[in-house]
1. Express the accessible area of the chain per residue in Å², computed with a 1.4 Å probe while the remaining protein chains stay in the model.
2. Using a 1.4 Å probe on the protein heavy atoms, what percent of the accessible area of the chain belongs to carbon and sulfur?
3. May I ask what percent, to the nearest 5, of DSSP beta bridges between residues of the chain are antiparallel?
4. Given a cut-off of under 8 Å on Cα pairs at least six residues apart, what relative contact order in percent is computed for segment 147-194?
5. Could you put H115, H85, H177, H68 in order of accessible surface area, largest first, with the 1.4 Å probe and the full protein assembly present?
6. Note down the net charge around D96, summing +1 for each Lys or Arg and -1 for each Asp or Glu among other residues with Cβ under 14 Å from its Cβ.
7. Calculate the dipole size of the chain relative to its Cα centre from +1 charges on Lys and Arg beta carbons and -1 charges on Asp and Glu beta carbons; express the result in debye to the nearest 20.
8. If you project the alpha carbons of the chain onto their three principal axes, what span does each projection cover, largest first, in Å?
Amino acid sequence: MQVYISVDMEGVAGIATLDQILRGGFGYGRAQELMTEETNAAIAGSFDGGATSVVVNDSHGTMDNLLHDRLDPRARLVFGSPKAHCMAEGLTAESDIALFVGYHAPAGAPGVLAHTFSAYFGEVRIDGRRVSEAEVNGLYAASLGVPVGLVTGDDVISGIASNAFPGAGIVTVKTAHGFSAANTIAPSAAREAIRLAAAAAVRGAAGLARPEPPTALDMEIDMPSPVAAELAAGIPGCVRTSDRTIATTVSASEALGLITVLYELAAAGERTRVAIATRR
């Protein structure tokens, strides 16, 4: 039983502020510890449930946040950025189940630290509907025949995941009280709930539905500036449909790769804009 775990930071219990999730913030070191311990809970639960191997992907920001020397040594870790498949790097068709830990609401939703893949993006839409990182990663997993068995995070992503992944376990570790405010359960309680839910998900992996994704996804991304949209329009197949919006049609297996390229272009566009705005 091969288990894949993608771990983000914004949906971890005890985390709600930008100071915690950005490298250099006074709260970042503690947030690393909280993220690492929730990851360990998911790893332990996976082995409790019958896993023979576990691969963890550090999926937050620069993707080198987890404290390696404190990670359960039974798991392998994928880390570093950029990665071709972003938050789903390391997931393969040989994986039996995918677990999403520490996930959060999409840009435009009222969740804790809500965004979609990049703080530089506005909404990301597929077939005209706003989507979360969990849903996009889930589509990629589906393209490989891998079901999503667990999603943890705040109450907003929990509601989205309940609809997106029927039969998956849901662990709500906090309730959003704003973009950077939350009512959280104790980290120790979150870890125990995640361990139990991961074990149950892995035990029940064979019974999870394996939906096939659509053959083509109409994807739109709102870029942060006209400069970023201009750069993105140079990608074959991408069309600039408004001042800041890029539209394209991709398969579920292609979406993450394109998103990775677009957020690098978005960052480049923002650097150009900021340089002009702060010129003296």
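1. Numbers: 11440 Å² over 280 residues.
Ligands and nucleic acids excluded, the result is 41 Å² per residue.
2. 55 percent
3. Roughly 40 percent of the DSSP beta bridges within the chain come out antiparallel.
4. Working: 59 pairs, mean separation 16.0, N = 48.
Taking the mean separation of contacting Cα pairs over the length of segment 147-194, I get 33 percent.
5. Values: H115 35, H85 60, H177 120, H68 85 Å².
Largest to smallest exposure gives the sequence H177, H68, H85, H115.
6. Working: positive: R203, R210; negative: E94.
The answer is +1.
7. Values: 20 positive and 30 negative charges, 78 e Å.
That gives the chain a dipole magnitude of about 380 debye.
8. Taking max minus min along each principal axis of the Cα atoms, the chain gives 55, 44, 31 Å.
The values are calculated or read from the model by the stated rules, or taken from the named source; none is laboratory data. Bear in mind that the values here come from a model prediction, so they are computed numbers and not experimental data. Note: ideal-geometry Cβ built from the backbone for every residue, glycine included; neighbour counts use all protein chains shown. Each accessible area value is taken on the protein alone, full model and side chains, heavy atoms only, with ligands, DNA and RNA left out. Shrake-Rupley method; radii C 1.70, N 1.55, O 1.52, S 1.80 Å.
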